1. Which trypsin sites (Lys or Arg not before Pro) does the stretch 318-372 hold that lie in a coil by DSSP with at most 13 other beta carbons within 10 Å?
2. In terms of modelled amide H atoms, which long-range or inter-chain residues lie less than 5 Å from the amide H of Thr128?
3. FRET efficiency for Leu11 and Thr381, Cβ-Cβ distance as r, R0 = 45 Å, nearest 0.05?
4. Could you tell me the relative contact order of the chain? Use alpha-carbon pairs under 8 Å, at least six residues apart, and round to a whole percent.
5. Full-extension gain between Tyr34 and Lys422, please, as 0.36 nm times their residue separation minus the C-alpha to C-alpha distance.
6. For Lys195 and Ala297 in one chain, what is 0.36 nm times their gap in residues minus the Cα-Cα distance, to one decimal in nm?
7. Label points 7 Å out from Cα along the Cβ direction at Trp305 and Ala167: separation in nm?
8. Would you mind calculating the gained length between Thr229 and Thr287 on full extension (0.36 nm times residue separation, minus the Cα-Cα distance), in nm to one decimal?
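Since every read-out is calculated from the coordinates, none of them should be taken as a lab result. Just so it is clear, the model here is predicted, and its values are computed rather than measured. Please note: Cβ atoms are built from the backbone with ideal geometry, for glycine as well, and neighbour counts cover all protein chains shown.
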Amino acid sequence: MSTQKISTQALHAGHDTTKTGGTRAVPIYQTSSYVFNDTEHAANLFSLKELGFIYTRLNNPTNDILQQRLAAIEGGVGAVVFASGTSAISTGLLTLLKAGDHIVASSSLYGGTFTLLNVTLPRLGITTTFVDASNPENFKNAVQENTKAFFVESLGNPKLDVLDLEAIAEQSKAAGVPFIVDNTVASPALLNPIKHGANLVIHSLTKYIGGQGNSLGGAIIDAGTFDWTNGKFPEFTEPSAGYHGLIYSEALGAAAFTFKLILEGLRDFGGALSPFNAFQIIQGLETLPVRIKQHSANALELAKWLESKEEVAWVNYPGLESSKYYKLAKKYLPNGQSGLVTFGLKGGFEAAKKVTDATKIFSLLANIGDTKSLIIHPASTTHQQLTIEQQAGAGVTQDLIRLSVGLEAIEDLKQDLEEAFKQI
Ligand SMILES: Cc1ncc(COP(=O)(O)O)c(C=O)c1O
């Protein structure tokens, strides 16, 4: 395990310049396939006797550098990248689970993930019990005989609830199931869930890691710490019908899940990341540690300023002393609490609409983690497909406005909101 700090890893990990013709930048290998030396070489690659590139749906040299970099930064044994964060989540769960299996998940999730778990996966026989993750005991109480995973967001979008990861990890260990943590909002520059007991970490690379709002991508980082031989996961301990009898846990040890994700997940579901997007995301990742500090500083200052405004009914930011997550934020996010802030206006939904429509620097759109500031009303957009009760579980109230605070001058951001408040 590297002892380098994230600022160094973000620039160098995974890139051996002697293998890329001395290029200082990571090159884009824009190819769909790779020439085999001869039929024996090809057969060896397919049977894993030799490791190498076969076809870009499975792996690609640009993507591989991004994978190695993410694994180094999050502290995993391997990482796999996908076409989007959603592709990472769906492929990860479909590689891990089968009809009849069950998930215990936090109710505070990104709307798209909630719908995947609540509506789409049940169609395939995979069900989820959603729990209030603020009490780790709720996970234990929801475990069934067929439970095969715990799923949470380390910093929920948009509830901004900081979870007690270590307490939930204890419950997942007791239940003998992998603890999956979507770490998108916190980013690996502020929090490494593996250090707190996560077995698999998920990122939408579209957000802070890419950081410029120009490329979709997703990743799963495998801690290599889960014991797939505990009797609950025969797909890892018995010969795989999907990969000519390979016994993943025997052949690949700690990297069993990483390889299953590539050899079966990417092969069968096909959500490969374009090498061009991998290149763009690498550019973003290189500056993540410096950007996230400024996102966090701007967000904290704006949250404090909002608290002082007469038009504002409430403000939620885990770095505020008034936040009920402040204590957990001190423990899990001591170096910054990322760039999302939510607030409500005394004028409720109508006032929220007016303000959202009136900002000029904050762009009204459905994304987070861009260098540019963004604004949205989740109840009518990202969480629209949820019932009012489900929205409440996800922390979405009708008056809630979500800001993704960018890197503009803080005075200009305050001024933009000040002007917008005049429309109320
Ligand atoms: C926490 C979280 N996870 C996953 C996703 C899905 O990522 P993508 O949009 O890259 O599919 C999002 C998207 O907003 C998100 O906020």
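1. Values: sites: Lys324, Lys327, Lys330, Lys331, Lys346, Lys353, Lys354, Lys360, Lys372; in loops: Lys324, Lys346, Lys360, Lys372.
Answer by residue number: Lys324, Lys346, Lys360.
2. Ile103
3. Working: r = 36 Å, r/R0 = 0.79.
Here the calculated transfer efficiency is 0.80.
4. Working: 865 pairs, mean separation 73.0, N = 424.
17 percent.
5. On the way: separation 388, 0.36 × 388 = 139.68 nm, distance 5.97 nm.
Here the answer is 133.7 nm.
6. Values: separation 102, 0.36 × 102 = 36.72 nm, distance 2.43 nm.
Taking 0.36 nm per residue and subtracting the Cα distance, the gain is 34.3 nm.
7. 3.5 nm
8. Numbers: separation 58, 0.36 × 58 = 20.88 nm, distance 3.91 nm.
Gain on extension, Thr229 to Thr287, equals 17.0 nm.
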